Amino acid sequence: MGDTWAADNRMKKCATCILPETYPGIEFNDEGVCSYCLTYKRARYRGEKELERLLESFRGKGRRYDCVLGISGGRDSSYALYYLVKKCNLRVLAYTADNGFVPEESKLNMKRITAKLNVDLIVERHRLLQDCIRHNFHSWLRRPSPAMIPMICCGCRLGMFRGLLRCAEKNRVPLVVLGAGTSIEANRFKETFLTRNRFGKLWSEERSKTISLALGLLYEIGRNPLYFLKPINGIVYMEEFFYFFNLETIRKLFYPHQTVLQLFQYVEWCEEEILSTVKKELDWVEPGGSTSTWRTDCRLGYLKNYLLKKSVGFTEKDDILSNMTREDMVTREEALRRAESENIVPEKIMTELFKEIEAKA
Ligand SMILES: [Zn+2]
């Protein structure tokens, strides 16, 4: 691994954030500041008053629960559960989808936290990811492309969002809350790799991002049709695509009676506050061997970051840390330091993961 990390330091990086020249669509001005910094819009929150107004309209609507919250055992959704129960006094039903790659610590976190907050927890297993992962990974290896790295764990988002919406419907709860998805966490590169490839550019993002993304994905699959040679993968890809990039449209079409609310569009996302709260109030534990407290809820996160680091020299972590520098949450020096240590993927975890993937169908 050593050589790649070293080569990394030779890459040109933005003078204010930590994005490298390999980031899709990046341009630098004369001062070395990147186009993403120059056009960045600070995170705006709708505020706790607005949240309370909305929540009030859902209180008492469901028979046993006011809302269903998707949790993962990670820090953000654990905090979200704490917030909804303790600060908003809501009757919450917690839901989680087990994709087969959830670390033991995350599972224990979920059990411990829901017990502590006296919240019912529904654990639903799905096989979508387990059935697709080996074929996806082999397809990717045949013609590696950074744009397809986020799609390696195809099936997971589908299992999670669809399960969450179904669970709410089954329990007759009209409100679904997502405890992830802050604008600071948004990994723009996932979309940009697709919208900026040869096909993606055929349709301008301003006119319709979904069409641009769909064309971009078509291009990637055209270059490597192996992805679709296993029919189940093809179907899961198509479905996941819509859940991934267009959840609201799916909700309107299939779950019109439900409202989906993203907590961190209302409540300020503050890493320090979140970490100190979950550790102090909920005895939240980070998975062993992890070098970062973020995205610790799925072991495949390591694989994706490993492949991103190897192929384009940055990871999801560089993206979020860049947003945090733009929000003045960390200094650039701090971000660089954190990226260096938090991007290290323990080799033991990778070796185990490769073996595990090979053992799948
Ligand atoms: Zn920048």
Is it true that Glu31 is within 16 Å of the ligand (Cβ to nearest atom), among the acidic types (Asp, Glu) and either open to solvent by 70 Å² or more (accessible area, probe 1.4 Å) or more than 25 Å from Leu263 (Cα to Cα) (or both)? yes
Of the numbered conditions (1) within 16 Å of the ligand (Cβ to nearest atom); (2) free of Cβ contacts under 8 Å to residues at least 60 places away in the same chain, Lys111 satisfies every one except a single condition; which is it? (1)
Please list, ordered by first then second residue, the pairs with beta carbon atoms under 6 Å, 6 or more apart or interchain, first in segment 176-198 and open to solvent by 10 Å² or more (accessible area, probe 1.4 Å), second part of a strand (DSSP E or B) and modelled with pLDDT of 90 or more. Leu178/Gly70; Leu178/Gln262; Gly181/Gln262
Residues satisfying the stated conditions in segment 157-175, i.e. hydrophobic (A, V, I, L, M, F, W, C) and open to solvent by less than 30 Å² (accessible area, probe 1.4 Å): Leu158, Phe161, Leu164, Leu165, Cys167, Ala168, Val173, Leu175
Kindly evaluate Val278 against the criterion of being out of contact with any strand residue (DSSP E or B) (no Cβ under 7 Å at 6 or more places or on another chain), of a type outside the set (Ser, Thr, Tyr), more than 30 Å from Val330 (Cα to Cα) and assigned to a helix (DSSP H, G or I). no
Are there any pairs with C-beta distances below 8 angstrom linking a residue in segment 203-226 that is assigned to a loop (DSSP other than H, G, I, E, B) to a residue that is charged (D, E, K, R), with the two at least 6 apart or on different chains, and if so which? Asn224/Arg142; Asn224/Arg143
Residues of segment 55-92 classified as surrounded by fewer than 17 Cβ atoms within 10 Å (Cβ to Cβ) and assigned to a loop (DSSP other than H, G, I, E, B), total: 7
Failed condition for Ile274, given (1) open to solvent by less than 30 Å² (accessible area, probe 1.4 Å); (2) modelled with pLDDT under 90: (2)
Filter pass, Ser183 being assigned to a loop (DSSP other than H, G, I, E, B), touching a Lys or Arg at 6+ places or on another chain (Cβ under 9 Å) and hydroxyl-bearing (Ser, Thr, Tyr): yes
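The values are calculated or read from the model by the stated rules, or taken from the named source; none is laboratory data. Just so it is clear, the model here is predicted, and its values are computed rather than measured. Note: ideal-geometry Cβ built from the backbone for every residue, glycine included; neighbour counts use all protein chains shown. These area figures cover heavy atoms from the full protein model, side chains too; ligands, DNA and RNA do not enter into them. Shrake-Rupley method; radii C 1.70, N 1.55, O 1.52, S 1.80 Å.
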